[in-house]
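I have placed the structure first, in the form of structure tokens, so that the comments after it can refer back to it.
Just so it is clear, none of the values below were taken in a lab; they were calculated from the coordinates. The structure displayed is predicted, hence computed values, not measured ones. For neighbour counting, all protein chains shown are included, and Cβ atoms are generated from backbone atoms with ideal geometry for every residue, glycine included.
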Amino acid sequence: MAPPLLDHLNPQQLEAVTLPHGSALVLAGAGSGKTRVLTTRIAWLLATGQASVLSVLAVTFTNKAAREMLTRLSALTPLSVRGMWIGTFHGLCNRMLRAHHRDADLPPLFGILDTADQLALIKRLYKAHGLDDDRFPPRQLASFIASAKEAGLRPSAVEAGDEFARRQVEHYALYEAMCRREGVVDFAELLLRSYELLAGNEPIRGHYQRRYSHLLVDEFQDTNLLQYRWLRLLAGPKATVFAVGDDDQSIYAFRGANAANMQHFERDFGGAEHPVRLIKLEQNYRSHGHILDAANALIRHNRSRLGKELWTSEGAGEPVRAFAAPSDLDEAAFVVDAIKGIADEGVPLSEIALLYRSNAQSRVLEHALFGAGLPYRVYGGMRFFERAEVKNALAYLRLVAEPGDDGALLRVVNFPPRGIGARSLEQLQDAARGRGTTLWQAACSGAVGGKAGANLAAFVASVERMRADAASLPLPEAVEHVIAAAGLKAHYAAEKDGDDRVENLEELVNAAQSFVREAEYAADAPMLPGSAAPDAEPAGGGAGGGVSDPLAAFLAHAALEAGETQAAEGRPALQLMTVHSAKGLEFHTVFVTGLEEGLFPHENSLNERDGTEEERRLMYVALTRARRRLYLTHAQSRMLHGQTRWHIASRFFDEIPRELVSWLSPPRRRYGAIDVDRSEWGGLESPAPERPASTPRGPEWRVGQSVRHAKFGVGVIVGAEGRGSDARVQVNFRESGVKWLALEYARLEPVSS
């Protein structure tokens with residue numbers, strides 16, 4: 001009879017918990033109870049006398065997970081676990097360095113730099129050495145240093161392939177020297193210094209190898225190269241390593257996570273006498289069968305995986321729902337309508353999640369939720385109009401619309417940096433108060449002298465140019481022009497991880513275009529007898545007689561939407577988040593939106609080695625967040641740079657068996673963006689007519705051939721498969737720049753050369 005400690009474990013969980021002495025790799029699928037297995041394994045080792053509280057070390061990836069493990073352990077064992085080493089890699093390394101600070105060449109009370117502290121130190125470093133922070137942005141240097149340290153490289157070991165990299169290495173060396181002088185370390189340094197301590201000091205390494213007979217690691221698929229090496233040093237010849245992870249959920253390569261660590265585990269931690277045991281936890285306690293079957297089918301397309309199949313005893317449940325929307329606005333409207341119906345069924349809003357691949361996608365969804373009065377909360381991030389890059393762009397636009405906006409001026413007068421420091425701004429504010437004017441008027445009057453005064457004058461002149469240039473532009477083009485002229489796009493593009501910020505700036509242009517379209521629609525809306533005129537500002541036009549009115553209206557709209565849409569703390573609200581942020585969470589209903597080629601999978605991944613496989617793992621994570629209901633949506637057209645761009649459905653639709661999916665709109669086959677032409681047969685919801693059996697197969701399309709389409713003009717075939725209207729043809733349309741993959745009824749005609 002199994003002891004109470006082992007109650008409620010399924011056979012695979014029981015096998016993992018009660019393994020005899022030896023290292024083990026536990027493949028724990030989503031929702032398979034990995035935390036229960038980890039904590040029960042520790043409690044079992046303590047209860048059976050195989051380990052003591054002081055001989056166990058457990059590594060988690062978040063402090064929250066460490067606290068949860070300690071809480072569960074306290075409930076499972078009568079022993080006090082307060083002295084047990086359970087924590088994150090950084091937390092455990094900090095503990096080790098505190099105990100051996102002399103051997104690690106650190107002061108006893110060394111400080112730890114958080115992200116803000118590190119950037120402040122780099123800026124002081126630049127100032128002390130006269131370095132150019134425009135050419136070498138502080139955030140970019142911080143990322144460079146972190147990447148080098150996570151690879152275990154000091155400045156002398158970093159290979160510089162060009163002059164820019166060589167300068168980065170020099171700055172890395174200056175940064176290290178400054179940290180030593182000030183007695184501080186950053187987060188990456190904690191792990192690197194701890195690794196160097198173990199590698200270079202045999203007595204200390206031997207001490208820890210003898211002390212810890214059992215090492216347990218959570219989320220093993222997220223370990224990077226240096227963390228893996230640290231574990232290997234810590235695990236002596238007699239220690240056992242119990243690693244729990246899921247290679248199908250390895251989605252943090254951009255942070256340095258190395259999924260190959262799981263595949264190397266058997267080689268590095270096993271031996272002839274005690275080979276590594278591989279156990280698969282495949283019973284899922286979260287999702288219904290159709291959801292799991294869809295996830296299993298999708299992830300099988302990845303070649304580099306250890307392999308497992310999730311299953312559940314909860315039944316098949318509802319089919320996966322799919323929806324193909326004509327546009328991103330229609331997609332958001334569908335999501336809103338579906339949420340209202342789900343809420344009417346009694347599902348709490350907090351149990352509904354909207355997932356997207358990149359942060360910029362939240363804007364259209366937020367706007368639709370705002371219009372519907374549905375409270376929401378952005379998990380692990382900020383609402384669109386609260387993001388720093390968006391607020392900076394809006395501040396420039398506010399200055400273009402009204403130069404007397406002191407708050408806007410103070411926000412961006414020195415961003416991007418232009419040599420206007422705090423002392424100069426104090427002088428400007430004193431002058432404005434003394435004269436009873438705005439900061440803008442004081443700046444125009446030359447209230448501040450010297451170099452800072454010249455920089456202020458240049459700033460004023462640049463804003464005036466923006467105003468003049470925007471005067472003749474429609475609102476979306478004016479917004480795009482101001483973002484570029486202010487240097488915001490170039491500034492963020494220069495940052496190593498600035499892609500998301502650039503996408504958000506581009507989405508602001510889309511927001512302006514959507515605002516124009518909605519205003520035009522409201523102005524054209526039929527009026528009922530006795531009703532007032534639609535409350536909409538004129539759209540389009542230019543600034544200064546043109547752009548000032550629609551720009552002011554757009555800015556007021558942005559302020560309103562930013563201030564009223566997010567739910568207050570404690571109020572039930574929808575959850576909006578990127579798929580990366582959703583890792584570890586679960587919901588009754590999940591919407592995965594924006595499933596289009598180039599968006600999800602993201603276009604950046606298509607050019608990277610194994611990039612598509614990581615995107616597929618990310619999609620797998622998205623699918624397995626849903627317990628009972630799952631929606632997959634895509635849009636045939638989406639706004640980009642204020643213009644409509646056509647998209648093709650994500651390949652992931654093709655990788656899920658058709659029998660598992662219920663289409664709420666006609667399914668678009670992959671390569672089927674030409675579906676928009678179905679309006680010619682009575683609308684998107686109408687099926688295409690049957691083609692007579694006698695229809696000839698038509699010509700064989702070939703790469704390089706010129707073709708014409710009634711809607712998109714002349715283009716060149718860049719990819720083709722098959723003949724006639726049954727062919728899959730990829731066309732690059734010259735006039736619109738659209739790349740199109742067309743199917744039957746594409747209405748392509750050869751153009752004679």
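Points worth noting:
- Of all lysines in the structure, those lying under 16 Å Cα to Cα from Lys280, and not within fewer than 8 positions of it along the same chain, are Lys34, Lys308.
- For the range 335-443, the alpha carbon convex hull comes to 144 Å³ per residue, rounded to a whole number.
- Difference of contour (0.36 nm per residue) and Cα-Cα distance, Glu345 to Glu159: 61.0 nm
- Share of Cα-Cα pairs in the range 55-140 lying beyond 20 Å, as whole percent: 58
- Distances between placed amide hydrogens fall under 5 Å for Ala322 paired with Leu632, Ser662, Trp663, Leu664, all partners being 5 or more residues away or on another chain.
- Spin-label pair Asp406/Ala173, simplified geometry with 7 Å Cα→Cβ offset, distance in nm: 4.9
- A simple rule links phi to the HN-Hα coupling: the Karplus curve 6.51 cos²θ - 1.76 cosθ + 1.60 with θ = phi - 60°, which for the range 415-432 gives 9, x, x, 9, x, 10, x, 4, 5, 5, 5, 4, 4, 5, 5, 4, 5, 5 Hz, with x for Gly and Pro.
- Residues whose amide H falls under 5 Å from that of Gln636, counting only those 5 or more places apart or on a different chain, are Ala325, Ser327, with hydrogens built in the peptide plane.
- Proximal charge balance of Glu318 [Cβ under 14 Å; K/R count +1, D/E count -1]: 0
- Within-14-Å neighbourhood charge of Gly83 [Cβ basis; K, R +1; D, E -1]: +3
- Whole-Hz Karplus values for the range 218-231 come out as 8, 6, 4, 5, 9, 6, 9, 4, 5, 4, 5, 5, 4, 5 Hz, taken residue by residue from phi with 6.51 cos²θ - 1.76 cosθ + 1.60 and θ = phi - 60°; glycine and proline positions read x.
- Ordering of 230-238, 328-336 by packing [mean C-beta count within 10 Å, highest first]: 328-336, 230-238
- Partners for Lys123 among lysines (Cα-Cα distance below 27 Å; same-chain residues under 8 apart left out): Lys149, Lys391, Lys451, Lys489, Lys496
- Ordering of 120-127, 430-437, 407-414 by packing [mean C-beta count within 10 Å, highest first]: 407-414, 120-127, 430-437
- Bridging of Lys64 to aspartates and glutamates at a Cα separation below 19 Å is possible for Asp114, Asp218, Glu219, Asp222, Glu586, once same-chain residues fewer than 8 apart are set aside.
- Order by protection proxy (mean Cβ within 10 Å, highest first), peptides 345-354, 101-110: 345-354, 101-110
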